Amino acid sequence: MKKLALMLLLVSPVPALAHDEGHGPKLTDAAKQGGVISPVIDAKEHDLGAKAAVVYKAELVRSEDGSVKVYLYDKDMKALDLKGFDAKAKGVLEEEKKGKITKKPFSLALKDGVFSGKPPKPTRKPFNIDVTYTQGKRKLLSAFDNLD
């Protein structure tokens with residue numbers, strides 16, 4: 001019985017930390033629009049966690065009506081020229097319940113230099129929002145974790 005309790009104690013924190021580290025290193029930049037800052041990484045490096053290289057930076061701003069705007073910046077937090085980006089981005093709202101991850105997709109549209117969209121209403125807190133962008137042939141990813 002003691003072995004089982006010890007095993008559960010050692011294994012149980014692992015699922016809880018599975019998405020906490022996010023995709024890419026932790027950033028300390030101040031938000032320009034009052035939102036949450038996240039690294040933008042090459043989607044191929046999503047499994048590297050904090051070791052993924054920062055390509056750009058993203059800021060997620062949520063409105064009271066539930067819509068979101070995502071601003072993209074270069075590494076120095078200067079507004080990024082989005083001419084080479086597709087006009088659509090893919091978002092996913094992720095929630096966890098009893099160790100099971102639920103993913104709810106939504107879309108974002110590029111207008112006036114900002115990606116905007118309305119994710120499904122979260123049913124649990126905290127939740128995550130991942131956004132995938134296409135720049136030429138490259139897929140980029142930003143993950144906004146532990147939102148409430």
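The values are calculated or read from the model by the stated rules, or taken from the named source; none is laboratory data. Predicted model, so just to flag it, every value in this text is computed and none were measured. Reconstructed Cβ throughout: ideal geometry from the backbone, glycine too, with neighbour counts over all protein chains shown. To get the accessible areas, we keep the full protein, side chains included, count just its heavy atoms, and leave off ligands, DNA and RNA. Shrake-Rupley method; radii C 1.70, N 1.55, O 1.52, S 1.80 Å.
Does the stretch 80-89 hold any residues that are modelled with pLDDT under 95 and in contact with a Phe, Trp or Tyr (Cβ under 6 Å, 6 or more places away or on another chain), and which are they?
Once the filter is applied, which keeps residues that are modelled with pLDDT under 95 and in contact with a Phe, Trp or Tyr (Cβ under 6 Å, 6 or more places away or on another chain), the stretch 80-89 yields nothing.
Would you be able to tell me the number of residues in the stretch 121-148 that are open to solvent by 50 Å² or more (accessible area, probe 1.4 Å) and part of a strand (DSSP E or B)?
3
Would you confirm, using the coordinates I've provided, whether VAL92 is open to solvent by 30 Å² or more (accessible area, probe 1.4 Å) and modelled with pLDDT of 95 or more? Full working, then the answer.
Numbers: open to solvent by 30 Å² or more (accessible area, probe 1.4 Å): yes; modelled with pLDDT of 95 or more: yes.
So VAL92 passes the test.
For the stretch 33-54, how many residues are among the polar types (S, T, N, Q) and open to solvent by 50 Å² or more (accessible area, probe 1.4 Å)?
Here is the first cut: in the stretch 33-54, the residues among the polar types (S, T, N, Q) are 33, 38.
Subsequent filtering for residues that are open to solvent by 50 Å² or more (accessible area, probe 1.4 Å) retains 33.
Counting residues in the stretch 33-54 that are among the polar types (S, T, N, Q) and open to solvent by 50 Å² or more (accessible area, probe 1.4 Å) gives 1.
Filtering the stretch 65-120 down to residues that are assigned to a loop (DSSP other than H, G, I, E, B) and under 16 Å from PHE144 (Cβ atoms), which residue is nearest to the chain's Cα centre (by Cα)?
Pass one, the stretch 65-120, residues assigned to a loop (DSSP other than H, G, I, E, B): 65-67, 74-78, 80-84, 86-87, 98-99, 112-113, 118-120.
Okay, now just the ones that are also under 16 Å from PHE144 (Cβ atoms), so 66-67, 118-120.
Working: GLY66: 16, SER67: 15, LYS118: 15, PRO119: 13, PRO120: 15 Å.
Among residues in the stretch 65-120 that are assigned to a loop (DSSP other than H, G, I, E, B) and under 16 Å from PHE144 (Cβ atoms), the one nearest to the chain's Cα centre (by Cα) is PRO119.
When the residues of the stretch 61-84 are narrowed to those that are touching a residue at least 40 places away in the same chain (Cβ under 8 Å) and among the small types (Gly, Ala, Ser), which ends up surrounded by the most Cβ atoms within 10 Å (Cβ to Cβ)?
SER67
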